[in-house]
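The values are calculated or read from the model by the stated rules, or taken from the named source; none is laboratory data. Everything numeric in this text was worked out from a predicted model, so none of it was measured. Cβ atoms come from the backbone with ideal geometry, glycine included; neighbour counts cover every protein chain shown.
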Amino acid sequence: MTKQPVHAKPLRADAERTVRAILAGAECALSANPAATMEQIAEAAGVARTTVHRRFTTREELVQALTAWATAQFAEAVDTATSETAPPLVVLHRVTANVLRVKIGWGYAMNRAAASSDPEIARVHADVLDKCDRLLRRARAEGLLRSDVDIEWARRCYYALIHEVTQDRGATELDADALTTRLVDTLLNGLGA
C-alpha cells in the first residue's frame, strides 16, 4: 500500500479498506482516462477528495502506491500458484490464470510497473522471471516443451501471449479460466513436443 516509515503504526482495518477503495478507484479512473484528476479518482473510489488527499499527498504518490500495490498482487499471484512438486502443466495453468486476473484487473498499474524504475518493482519482476524460467525448464524436462526449445524464447513468447490477451478489451471480458486454457494451449501447441 502506501509507503510508511519503519516506525509507523500499521493502518487500522477501516483505514486499510479506505486505501484499497482509493487504489481500486484510481485503477478504474486512470484506466478510463490516464489524465484523471484526484477528484475523479475520489469519485470512482466513492470517497471525498479530502480523504484521498489525507492518504496521498500528490497524484504521483497515489499512482506510485497503485503501481507498488499491483506489483505486490502480481508477485502474490505467482507465488501462490508456483509449486516445485505439482506437475508443470498444473502450475502453468494456475500461474497463467492468476497473472491474467491481476493484469486484467489492474491493467493501468501493471502497464506502469513495466516501465517503472523503482528498484523494488524491478526486483519483483526479476524474481517472477526466474520462477517462470524454472517452470519452463521443468516443462521441457517433462516433455511438455520440445527438448530443443530455448527457455528465454519460450518465456518471451509466453509473456507476449499474456500481454496481448490483457491488451484486448474484448478478450478480457471472457472468463480468466477460458483465456488461460486458450493461452496455454497456444503456447504448448506452438512449442510442444
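Of note:
- On inspection, VAL102 qualifies as under 25 Å from ALA35 (Cα atoms), in contact (Cβ under 8 Å) with a residue 24 or more places away in the chain and within 11 Å of the chain's Cα centre (by Cα).
- Failed item, numbered, when ALA109 is tested on (1) out of contact with any Leu (no Cβ under 7 Å at 6 or more places or on another chain); (2) closer than 17 Å to ALA24 by Cβ; (3) of a type outside the set (Phe, Trp, Tyr); (4) part of a helix (DSSP H, G or I): (1)
- Filtering ASP185, ASP133 for residues that are more than 30 Å from LEU23 (Cα to Cα), surrounded by fewer than 20 Cβ atoms within 10 Å (Cβ to Cβ), of a type outside the set (A, V, I, L, M) and modelled with pLDDT of 95 or more leaves a single hit, ASP133.
- Criterion (in contact (Cβ under 8 Å) with a residue 12 or more places away in the chain, closer than 24 Å to ASP177 by Cβ, more than 10 Å from the chain's Cα centre (by Cα) and not in a loop (DSSP other than H, G, I, E, B)) met by exactly one of THR96, THR51, THR71: THR96
- Considering residues of region 110-130 that are of a type in the set (A, V, I, L, M, F, W, C) and within 23 Å of PRO34 (Cα to Cα) only, the residue surrounded by the fewest Cβ atoms within 10 Å (Cβ to Cβ): ALA115
- Apart from one condition, LEU161 fits all of (1) at pLDDT below 90; (2) out of contact with any Gly (no Cβ under 8 Å at 6 or more places or on another chain); (3) more than 24 Å from ALA21 (Cα to Cα); the exception is (1).
- On inspection, VAL90 does not qualify as farther than 27 Å from THR181 by Cα and either in a loop (DSSP other than H, G, I, E, B) or free of Cβ contacts under 8 Å to residues at least 60 places away in the same chain (or both).
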